[in-house]
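Working notes, beginning with the structure itself.
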Amino acid sequence: GYFGEYGGAFLPPELVPQFEEIAKAYDKISGDASYINELRYIRKHFQGRPTPVSHARNLSNRIGSGANIYLKREDLNHSGAHKLNHCMAEALLAKHMGKKKLIAETGAGQHGVALATAAAYFELECEIHMGEVDIEKEHPNVVRMQLLGAKLVPVGFGGRTLKEAVDSAFTSYLEQADEALFAIGSVVGPHPFPRMVRDFQQIVGIEAREQFTEMTGNLPDHAVACVGGGSNAMGLFSGFIQDKSVKLHGVEPMGKGPELGQHAATMTFGKPGMLHGFKCRVLEDAEGNPAPVHSIASGLDYPGVGPEHSYLHDIGKVHYGSATDDETLQAFWALSRYEGIIPALESSHAVAYAIKLAKECPGETILVNLSGRGDKDLDYVADNFGTG
Ligand SMILES: Cc1ncc(COP(=O)(O)O)c(/C=N/[C@H](C(=O)O)[C@@H](O)C(C)C)c1O
C-alpha cells in the first residue's frame, strides 16, 4: 500500500479490519472473470465507452505554433466526467461484498453524481457529504444527485468545502462500516483506495494510447491532466507510464496566486505529511495543519494529493505545473468558442496548461484528459465572470 514513502493506512483501530476486508475483497475479485466481464459490459453498454479522442484543430491553429492539441473526451463519459469509471467498479465491489450502501464525499459534485448513478444502477443506497459552499456553487449536480436517489448531507463546519466533506463522510462511515462501503472519489485515502481507484481509471489511458496511435501513427509527445486528488491524471498516465518518449504533466490550481490560501498547488508548495489516513505531499499552515486552499474549480481545491502522484513527483517521472484561475477561465471560454466543447473548470486547468505548452513546444503533439463537461459550471461562470 505504499508508493515510496507515501500511502499506507493510518486508521482508527475500529476501521482497521474494515479496510483489510476491502483490500482482501478487491484482491480477490480483481482477477475474477465474472467481475471483469460485468465491468466490461457496463463500460460499453451503460457508460458508452470508449470515449473519443478529438483533435482540437481550431484551437491548435489559433495558437499557431504548429503544436497540436488532442482531447480524451471523458466529458462524454456517462454522467459527464471520468468519475463514473471508478464509481461503477466501487459499486460492483460493494455488491460482491454484500454491502447495502455507498458513502462518499464530493466537491465539484461529479463524484457524487457518478456514485449516485452507480448506486441507482446496482440498487444500493447512497449517502453523499458535500460542503455548503460547494452545494451553492455546484447546484445542478446537487439536484441530479437527489434525482438519482442519493441522500445529501450538507457539511457546515470549517471551510465548508471538500476537506470537511471528506472528514464528515469518514465519520459517518465509522458508524455504519458493516453494511456500507466508503467509495472515495479519487486516488487518495488509506490503502487500498489509491491503488484501486487508479486501477479503475486505467481504462482511460489504455483507450487513449490505442486511439492516439491509430489516429496519428505515433505516441503523443506530451500527456496532460489536471490534478485534484489525481484520479483522472493517473488514469491517463497509466496508459503511457512505460513510454519513455511521452512526457507526463500534472496541472494543479494556482488559483489567485502563490500566497498560502490562494491556491491548491500541493506539488509546488507542499511537503511530505499526512492527511485523511494516508501519507502524501500536503499544503500545511504554520501550525502544521492542512492549509486553507482555493481554486475556481471545486474539484481541485484539496490540500493533499494522491500518494502515487507524490512519489512520481519525487522521482521526477511526472512534471507538475499549474494554471491560475484567470488562465483557466480563458481556456474555458476558448474551448467553448473555438471547439464547441464546454469543459469543466477542473479540466480547463489542463487545457490552459496545454495552451502554454503548445507555445513552448512548436510542432509537438499534446494529449489532454478532458476530465469532465462544464454543465455544472455554466451559471457560476456566466453570473460571476460573463460568457467570454
Ligand atoms: C470534472 C472533474 N475533473 C477533475 C477532478 C479532479 O479530481 P481528480 O481527477 O481525482 O484529480 C474532478 C473532481 N471532482 C470531485 C467531485 O466531483 O467530487 C472532487 O471534488 C472530489 C471527489 C475530490 C472533477 O469533477
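Laboratory data are not the source of any read-out in this text; all were calculated from the coordinates shown. Please read these numbers as outputs of a predicted model, since none were measured by experiment. Positions of Cβ are generated from backbone atoms using ideal geometry, with glycine treated the same way; all protein chains shown enter the neighbour counts.
Observations
- Listed residue (S347, V381, F19) projecting farthest to the positive dipole end of the chain, Cβ model: S347
- Volume per residue for the stretch 27-91 equals 109 cubic angstrom (convex hull of Cα atoms).
- Value of Rg to Rh for the stretch 201-321, rounded to two decimals, is 1.02; Kirkwood radius and Rg both from alpha-carbon coordinates.
- Between the Cα long axis of helix 83-96 and the first principal axis of the chain there is an angle of about 20°, rounded to the nearest 10.
- For the chain, Kirkwood radius (reciprocal of mean inverse C-alpha pair distance, Å): 20.4 Å
- Principal axis dimensions, largest first and in whole angstrom, of the stretch 197-259 by Cα: 43, 25, 19
- Once the mean of 1/r is taken over each pair of separate Cα atoms and inverted, the stretch 70-153 shows a Kirkwood hydrodynamic radius of 12.7 Å.
- Here the relative contact order of the stretch 277-388, from alpha carbon pairs under 8 Å that lie six or more residues apart, stands at 20 percent.
- Cross-link pairs beyond the 25 Å C-alpha cut-off, checked among K247/K356; K28/K72; K279/K359; K24/K100; K72/K247: K28/K72; K279/K359
- For the stretch 201-231, the residues whose backbone nitrogen is under 20 Å from a point 7 Å from the Cα of S65, taken along Cα to Cβ, are 219-227.
- Farthest positive-ward along the chain dipole, Cα basis, beta-carbon charges - from A177, P194, C126: P194
- Between N37 and I241, the modelled labels are 2.9 nm apart [label points 7 Å from Cα along Cα→Cβ].
- Alpha carbon convex hull of the stretch 249-388, volume per residue in cubic angstrom: 117 Å³
- Mean separation of Cα pairs under 8 Å and 6 or more residues apart, divided by the residue count, gives the chain a relative contact order of 21 percent.
- Cα lying deepest toward the dipole's positive end in the chain, options F10, G363, L59, charges on Cβ: G363
- Listed residues A56, A265, A89, most fluctuating in the chain (Gaussian network, C-alpha, under 10 Å): A56
- Karplus-derived HN-Hα couplings along the stretch 54-63 (A = 6.51, B = -1.76, C = 1.60, θ = phi - 60°), whole Hz, x at Gly and Pro: 10, 7, 7, 5, 5, 4, 4, 5, 5, 6
- Cα-based helix-to-principal-axis angle, 345-360 vs the chain, degrees rounded to 10: 30 degrees
- Cα pair distances of the stretch 135-225 binned at 10 Å [whole percent]: 13, 30, 31, 18, 9, 0
- Helix 162-175 and the long axis of the chain differ in direction by around 20°, with both axes built from C-alpha atoms.
- The stretch 277-312: GluC sites (Glu not before Pro) in DSSP coil with no more than 16 other Cβ atoms inside 10 Å: E287
- Taking the Cα centre of the chain as origin and assigning +1 to Lys and Arg Cβ atoms and -1 to Asp and Glu Cβ atoms, the resulting dipole is close to 1080 debye.
- Residue of N77, N37, N85 that the Gaussian network model of the chain assigns the largest fluctuation, springs spanning Cα pairs under 10 Å: N37
- A straight line joining the Cα centroids of the stretch 65-102 and the stretch 204-268 runs 16 Å.
- Only Cα pairs under 8 Å and 6+ residues apart enter the sum, and on that basis the relative contact order of the stretch 168-309 stands at 22 percent.
- Inter-part distance where the stretch 357-378 and the stretch 1-51 are each reduced to a Cα centre, Å: 29 Å
- In the chain, the DSSP-assigned H stretches of four residues or longer account for a calculated mean residue ellipticity at 222 nm of -13500 deg cm²/dmol, using -39500 (n - 2.57) per stretch and the full residue count as denominator.
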